[in-house]
Amino acid sequence: MKHLELLRQPLGFFPTPLHELAGLSKALGGPQLFIKRDDLTGLALGGNKTRKLEYIVGAALAEGADTLITAGAIQSNHCRQTAAAAAKMGLDCHLVLGGTDPGIATGNLLLDRLLGAKVHWAGENRKGEDIPRIARQLQAEGRKPFVVPYGGSNELGATGFVEALRELGEQADMMRLDFDHIVFASSSGGTHAGLMVGRKLLKKSCRLTGIAIDKVGTAEKSLKEQVLDLAVSTARYLDVDHGFDAADIDLNEDYTGDGYAVIGAAEREAITLTARYEGILLDPVYTGRAMAGLLGLIRKGAFAKHEKVLFWHTGGSPALFAYADKLQC
Ligand SMILES: *Cc1c(COP(=O)(O)O)cnc(C)c1O
């Protein structure tokens, strides 16, 4: 196996906290809930992309890049963390965002601007279709751009979550905990794929349930196919056993509601319950929906009362402010 520390450019503060959700567990009448706080990775308000960027930016620096380019939705947490990583490492950052300039920037977009990123508006092309053109233009100007994939989901990004599962395993051992299930938001597949490879390396049997956030994967592939391909290629990249098949992937697509970033009653309930029983802020697009999925599964009786279930908080709370109108209560 490759030596992970050699590839890694430190950007965040790890390990992130792991703790029990006693208030929420009690309010729901079980199972025993825990949370992994990747909302506290420390890079400009944190989130799961910090883990991916440590490996991606490590590769960019090794290549001598002077500019990062990536893409996302207008309230992308990935873009905000990429902008912060670039600022920290003295690199320029170009963000290709879906939609049009709203004039007054709020939430993550406000932070992108404060962090000094250059924003390109891409209209309908919210998954980075315009990146090659912008990269060519930068090269023509003598720059050395490095393309950070959509959602940070390639082998390097997923490697961040292989390491994350090792980190969790160490914390769990110290706290004498053994999780039966891990539940998390799944959108571009890197978190899911990395956790799967990490689980195999640690020889753990805990169930990994991704809650799908978006109704569609990329144009060519379903999210499940993306997760499978990335798990295989990440394991290959790390020189470890890459025998995965579709049956290894637990992706729940029952909670996508009215589509990406459309906030409904289920997300509002999940956000307010977690805030009021735990004092923890979720986000409207990803973790609010993933927690709505976890609540749904609990109410359906998917877990036994004695089971230990970990919710992986993947960040995103800056977007709360951008969706204030949908969260009034
Ligand atoms: C990007 C993101 C996710 C999804 O992670 P993927 O690796 O893209 O599946 C979940 N939660 C938040 C807050 C995110 O920003």
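The values are calculated or read from the model by the stated rules, or taken from the named source; none is laboratory data. Predicted model, so just to flag it, every value in this text is computed and none were measured. Counting neighbours? That spans all protein chains shown, and the Cβs are built from the backbone with ideal geometry, glycine included. Please note that ligands, DNA and RNA were not included when accessible areas were found on the heavy atoms of the full protein model with its side chains. Shrake-Rupley method; radii C 1.70, N 1.55, O 1.52, S 1.80 Å.
Could you let me know the centre-to-centre spacing of segment 277-325 and segment 140-200, using Cα atoms, in angstrom?
Answer, in whole Å: 19.
Defining a contact as two alpha carbons under 8 Å apart and six or more residues distant in sequence, what relative contact order in percent does segment 159-202 show?
For segment 159-202, the relative contact order is 71 percent.
Enter the angle in degrees (range 0 to 90, nearest 10) between the Cα long axis of helix 265-278 and the first principal axis of the Cα atoms of the chain, meaning the one along which they spread out most.
With rounding to tens, the tilt is 70 degrees.
Where is the GNM fluctuation largest for the chain (alpha-carbon springs, 10 angstrom cutoff): D214, D254, D39?
Per the Cα network of the chain with a 10 Å cutoff, D254 tops the list.
Can you give me the angle between helix 190-202 and the longest principal axis of the chain, using Cα atoms only, in degrees from 0 to 90, rounded to the nearest 10?
60
Over the chain, calculate the relative contact order: mean separation of alpha carbon pairs under 8 Å at least 6 apart, over the residue count, as a percent. Show your work: numbers first, answer last.
Values: 655 pairs, mean separation 70.9, N = 329.
This gives 22 percent for the chain.
Would you kindly give the portion of the calculated P(r) for the chain that falls above 25 Å, as a percent of all Cα pairs?
Numbers: 25848 of 53956 pairs.
Here the tail beyond 25 Å accounts for 48 percent of pairs.
Treating the beta-carbon of each Lys and Arg as +1 and of each Asp and Glu as -1, no other charges, what is the dipole magnitude of segment 111-168 about its Cα centre, to the nearest 20 debye?
240
Can you say what percent of the DSSP beta bridges in the chain, counting only those with both residues inside, are antiparallel? Round to 5.
10
Please give the solvent-accessible surface of I104 in Å², to the nearest 10, using a probe radius of 1.4 Å with every protein chain present.
140
Hey, can you grab everything whose amide H is under 5 Å from the amide H of Y260? Only 5+ residues off in sequence or another chain; H modelled, so Pro and N-termini drop out.
Sorted by chain and number, the residues that satisfy this are K215.
Specify the angular offset, from 0 to 90 degrees and rounded to the nearest 10, of the alpha carbon long axis of helix 155-174 from the longest principal axis of the alpha carbons in the chain.
30
Which percent of the accessible area of segment 49-151 is formed by carbon and sulfur heavy atoms (probe 1.4 angstrom)?
Carbon plus sulfur share of accessible area: 52 percent.
Would you pull out the residues with amide H under 5 Å of K36's amide H, same chain only if 5 or more places away, H placed 1.01 Å from N?
Here F311, W312, H313 satisfy the definition.
Could you work out the percent of alpha carbon pairs in segment 95-240 separated by over 25 Å, rounded to a whole number? Working shown, then result.
Values: 4535 of 10585 pairs.
Summing the P(r) tail past 25 Å for segment 95-240 gives 43 percent.
Of all accessible surface on segment 206-329 at a 1.4 Å probe, what whole percent is carbon and sulfur?
For segment 206-329, the apolar C and S fraction of the accessible surface comes to 51 percent.
Leaving out ligands and nucleic acids, and using a 1.4 Å probe, what accessible area per residue does segment 146-248 come to in Å²?
On the way: 4210 Å² over 103 residues.
Computed with neighbouring chains in place, this is 41 Å² per residue.
Whole-Hz ³J(HN,Hα) for each residue in segment 106-120, computed from phi via Karplus 6.51 cos²θ - 1.76 cosθ + 1.60 with θ = phi - 60°, x for glycine and proline: what do you get?
Along segment 106-120, the couplings run 10, x, 4, 5, 4, 5, 3, 5, 4, 7, x, 6, 8, 9, 10 Hz.
For segment 1-112, state the semi-axes of the equivalent ellipsoid (square roots of 5 times the eigenvalues of the alpha-carbon gyration tensor), sorted largest first and rounded to whole angstrom. Could you put the intermediate results ahead of the total?
On the way: eigenvalues 174, 96, 20 Å².
Sorted largest first and rounded, they come to 29, 22, 10 Å.
For segment 49-151, give me the percentage of DSSP beta bridges that are antiparallel, rounded to the nearest 5 percent.
The antiparallel proportion sits near 5 percent.
Scale the Cα Rg of segment 49-151 by the rule-of-thumb value 2.2 N^0.38 Å and send over the ratio, two decimals.
Here the answer is 0.97, to two decimals.
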